[in-house]
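Here's the structure we're looking at; comments come further down.
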Amino acid sequence: MKCGVIGLGYVGLPLAVEIANAGFEVIGIDVDKDKVDKVNRGRSYIEDVPHNALARVVKKGRLRATTDFDVLTELDAISICVPTPLRKTKDPDISFILDAVSEISKRLRKGQIIVLESTTYPGTTDEMLLPELSQSGLRVGKDFYLAFSPERVDPGNKVYRTKGTPKIIGGITPQCTRKATAYYKKIFDKVVPVSSTKCAEMVKLLENTFRSVNIGLVNEVALMCDRLDLDVWEVIDAAATKPFGFMAFYPGPGLGGHCIPIDPHYLSWKLKTLNYYAKFIELAGDINANMPAYVVNKIISALNRVEKPLKNARIIIVGAAYKKNVGDLRESPALDVIELLHREGAHIEYNDPYVSEIREAGLELRSRPLTAKSLKMADCVVIITNHDSYDYEFICRHARLIIDTRNATKNIRTRTPIVKL
Ligand SMILES: NC(=O)c1ccc[n+]([C@@H]2O[C@H](COP(=O)([O-])OP(=O)(O)OC[C@H]3O[C@@H](n4cnc5c(N)ncnc54)[C@H](O)[C@@H]3O)[C@@H](O)[C@H]2O)c1
């Protein structure tokens with residue numbers, strides 16, 4: 001079989017490499033020429049794909065990339081991994097999927113397997129992709145096979161990588177499910193078929209809504225503990241000793257990444273079209289979206305205690321990526337915190353070993369080293385992302401005031417005042 005992956009980002013590139021590792025010939029298609037060139041040179045731009053793993057399959061001739069959609073005619077199976085962002089109004093933007101599918105539709109041929117991987121609302125594959133592909137005159141389940149299989153990539157996760165994470169798959173017809181399952185079984189350790197594309201789409205949204213709602217709950221518990229003058233981290237750690245019926249989630253400065261802040265809104269948007277208001281999703285979204293402002297309030301009151309106004313205060317942000325040990329800035333709460341602080345006239349510096357520069361809200365910042373001098377000069381140091389590589393003892397030794405949104409300074413004995421979430 002000759003296989004294809006459309007969209008070579010965080011999801012598509014690791015998938016393309018796994019398909020190649022399984023012994024298939026793979027062609028990756030992306031509209032971004034820079035990414036295509038890098039793939040063909042064996043240079044990875046995704047942290048989870050090491051250069052040598054990519055270079056190995058490129059050298060063997062198992063993987064190549066192109067911007068030319070005409071290669072679609074050569075392919076037996078095509079996985080679609082393009083972005084699914086939200087519009088400003090929180091409506092789904094599935095235009096990238098539709099663009100990719102229209103390219104496939106123009107060239108669809110008998111026997112092809114098409115698998116959509118991009119996260120989307122329940123019904124997309126059936127209501128949007130199937131009519132477009134059927135315009136070719138070919139019949140689904142007989143001439144071509146269409147399925148949805150949600151990507152479960154967790155960037156930076158060293159235990160669960162693409163191959164070892166079970167893969168859900170649901171086809172338009174039972175034959176579509178069988179064909180797509182047989183294909184993915186050659187690539188993934190475990191494939192879990194479900195009864196429809198809609199069910200597979202909903203599985204992904206349940207998983208991400210589960211995280212969003214639980215993070216929203218624990219963020220609210222942090223707000224409650226603040227009022228009760230309790231350490232929320234101590235409360236969670238103690239609760240987590242219960243061996244059943246409790247799963248620890250931790251508060252933070254807000255949600256980030258391409259999934260958790262976005263995907264649940266795909267579900268609530270779809271439900272609104274069916275006259276149903278998704279209460280948990282909206283409530284959790286509201287609480288999580290307000291965490292950056294809560295962090296800024298903590299900074300203001302901590303500075304207030306040392307008689308320093310926020311205006312002209314020197315603030316160092318430690319960590320900008322949306323989560324530890326990755327360089328992904330998408331939707332990162334650090335961006336919101338920086339914007340809010342900048343708006344109030346604070347002078348901001350940041351450090352992130354994974355993020356060399358930030359361009360946001362008219363600001364252009366470059367990551368600066370954390371030195372004893374820079375830490376001492378700052379009125380306040382705000383830990384947003386708890387990368388493992390940070391030396392928190394060093395930070396505590398030299399900073400004058402710390403706002404720790406991740407409990408990263410836990411167990412460090414210091415005289416420096418530390419304000420936690
Ligand atoms: N990043 C994650 O951790 C993650 C995890 C699970 C699911 N997902 C979902 O997977 C999908 C892809 O996410 P991602 O993080 O890989 O996005 P990404 O932005 O990293 O990559 C998408 C790629 O698609 C390319 N592209 C856009 N339109 C195209 C088109 N018409 N034809 C060809 N290429 C096109 C872009 O140039 C980009 O390289 C999204 O639906 C996302 O919600 C992401």
Qualifying positions in the stretch 255-274 - of a type in the set (D, E, K, R) and either crowded, with 20+ Cβ neighbours inside 10 Å or in a loop (DSSP other than H, G, I, E, B) (or both)
Asp263, Lys270
With respect to Ile402, is the statement that it is surrounded by 12 or more Cβ atoms within 10 Å (Cβ to Cβ) and either hydroxyl-bearing (Ser, Thr, Tyr) or more than 16 Å from Ser332 (Cα to Cα) (or both) true?
yes
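How many of the residues in the stretch 133-168 are outside any strand (DSSP E or B), away from the ligand (no atom under 13 Å from the Cβ) and either crowded, with 23+ Cβ neighbours inside 10 Å or free of Cβ contacts under 8 Å to residues at least 60 places away in the same chain (or both)?
The initial filter retains those residues of the stretch 133-168 that are outside any strand (DSSP E or B), namely 133-139, 141-143, 149-166.
Now narrow it down to the ones that are away from the ligand (no atom under 13 Å from the Cβ): 133-139, 141-143, 158-159, 163-164, 166.
Checking which are either crowded, with 23+ Cβ neighbours inside 10 Å or free of Cβ contacts under 8 Å to residues at least 60 places away in the same chain (or both) leaves us with 133-139, 141-143, 158-159, 164, 166.
Qualifying residue count for the region: 14.
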State whether one or more residues within the stretch 186-204 are under 26 Å from the mean Cα position of the chain (by Cα) and under 30 Å from Ala293 (Cα atoms).
yes
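Need a quick list: strands (runs of 3 or more DSSP E) entirely within the stretch 17-98 having at least 1 residues that are within 9 Å of the ligand (Cβ to nearest atom) and surrounded by 14 or more Cβ atoms within 10 Å (Cβ to Cβ). Full working, then the answer.
Details: elements: 25-29, 63-66, 77-80.
Result: 25-29, 77-80.
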So Val306 clears everything in (1) touching a residue at least 40 places away in the same chain (Cβ under 8 Å); (2) assigned by TED's automatic domain parsing to the domain that holds Thr405; (3) surrounded by 14 or more Cβ atoms within 10 Å (Cβ to Cβ) except one condition, right? Which one?
(3)
Could you list, in sequence order, the residues of the stretch 101-117 that are within 13 Å of the ligand (Cβ to nearest atom), surrounded by 18 or more Cβ atoms within 10 Å (Cβ to Cβ) and among the polar types (S, T, N, Q)?
Ser105
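Within 30 Å of Lys163 (Cβ to Cβ), surrounded by fewer than 13 Cβ atoms within 10 Å (Cβ to Cβ) and at pLDDT 95 or above: is that true of Ser195 in this structure? Give the steps one after another, and end with the answer.
Working: within 30 Å of Lys163 (Cβ to Cβ): yes; surrounded by fewer than 13 Cβ atoms within 10 Å (Cβ to Cβ): yes; at pLDDT 95 or above: yes.
For Ser195, the condition - within 30 Å of Lys163 (Cβ to Cβ), surrounded by fewer than 13 Cβ atoms within 10 Å (Cβ to Cβ) and at pLDDT 95 or above - is met.
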Applying the selection to the stretch 1-36, what residues are touching a Phe, Trp or Tyr at 6+ places or on another chain (Cβ under 8 Å) and small (Gly, Ala, Ser)?
Gly7
Out of Leu255, Leu205, sole residue that is farther than 23 Å from Gly319 by Cβ and either at pLDDT below 95 or within 16 Å of the ligand (Cβ to nearest atom) (or both)
Leu205
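The values are calculated or read from the model by the stated rules, or taken from the named source; none is laboratory data. Every value quoted in this text rests on a predicted model; they were computed, and no experiment measured them. So basically every Cβ, Gly included, is an ideal-geometry build from the backbone, and we count neighbours across all protein chains shown.
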